[in-house]
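Undergrad: Right, I'll just put the structure down here and ask away after.
Read-outs: derived from the displayed coordinates by stated rules, not from any lab. Quick caveat: nothing in here was measured; it's all calculated off a predicted structure. Neighbour counts run over all protein chains shown; Cβ positions are idealised from the backbone, glycine included.
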Amino acid sequence: MNNLKKHIFFEFLNLAGKVFVLVKYSENVILGNRGFTAEEKKNGIILVFNSKMNFMWDDYGITATLVFGSSPQKCFIPSDDIVALYSPELNAQFVVSSSVQQPTPATHKEDRFEEQQKTLKNKQSKGQVIKVDFTKKRK
């Protein structure tokens, strides 16, 4: 699922120049010394990334320096804690159901990956996976 999130993130970024990311509260999310407000702990926080920003998305999540107000903060957003990606310009969104994505201890990453692969293969065999072509059609 995290690879799909990453793929969609970069497709939105390439097509629209920016992408909005809804991040749920988690102790694994680092927002510098800012942290989450009480409301953000309940509803999550929306972060905006644009194509001019310097960030990195690796196997674990997004590492970036984000600016809140006028204060730059070193941030880390684990892929598992991203619950939605959207682009108003493209009128498109990708949302992960909370019932599908359940928190698991970080010590079991390999087990979680294997479990996700088995679930995906099972859904593919049942015809529950839809293939989406994100390539831009030229007129």
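Undergrad: Restricting to region 76-93, name every residue that is part of a loop (DSSP other than H, G, I, E, B) and in contact (Cβ under 8 Å) with a residue 12 or more places away in the chain. Walk me through how you get there before you give the answer.
TA: Let us first name the residues in region 76-93 that are part of a loop (DSSP other than H, G, I, E, B), namely 88-91.
Of everything in region 76-93, those that are part of a loop (DSSP other than H, G, I, E, B) and in contact (Cβ under 8 Å) with a residue 12 or more places away in the chain turn out to be Pro88, Glu89, Leu90.
Undergrad: Can I ask one more? So, in region 39-61, how many residues would count as being β-branched (Val, Ile, Thr), without any contact (Cβ under 8 Å) to a residue 24 or more places away in the chain and under 17 Å from Ile8 (Cβ atoms)?
TA: Within region 39-61, the first condition is being β-branched (Val, Ile, Thr), and the residues that meet it are 45-46, 48.
Now restrict to residues that are without any contact (Cβ under 8 Å) to a residue 24 or more places away in the chain: 45.
So of that shortlist, the ones also under 17 Å from Ile8 (Cβ atoms) come out as none.
Summing the residues that are β-branched (Val, Ile, Thr), without any contact (Cβ under 8 Å) to a residue 24 or more places away in the chain and under 17 Å from Ile8 (Cβ atoms) in region 39-61 gives 0.
Undergrad: Kindly indicate the residue of region 56-75 that is aromatic (Phe, Trp, Tyr) and assigned to a strand (DSSP E or B) and also surrounded by the most Cβ atoms within 10 Å (Cβ to Cβ) among those meeting that condition. First the steps, then the outcome.
TA: Just the residues of region 56-75 that are aromatic (Phe, Trp, Tyr), to begin with: 57, 60, 68.
Going one step further and asking which of them are assigned to a strand (DSSP E or B), we end up with 57, 68.
Values: Trp57: 18, Phe68: 13.
This residue is Trp57.
Undergrad: Select from region 18-55 the residues that are among the polar types (S, T, N, Q) and not in a loop (DSSP other than H, G, I, E, B) and write down the one among them that is surrounded by the fewest Cβ atoms within 10 Å (Cβ to Cβ). Outline the logic, then answer.
TA: Step one: list which residues in region 18-55 are among the polar types (S, T, N, Q), which gives 26, 28, 33, 37, 43, 50-51, 54.
Of the ones still in play, those that are also not in a loop (DSSP other than H, G, I, E, B) are 33, 43, 50.
On the way: Asn33: 8, Asn43: 13, Asn50: 11.
By that ranking, first place goes to Asn33.
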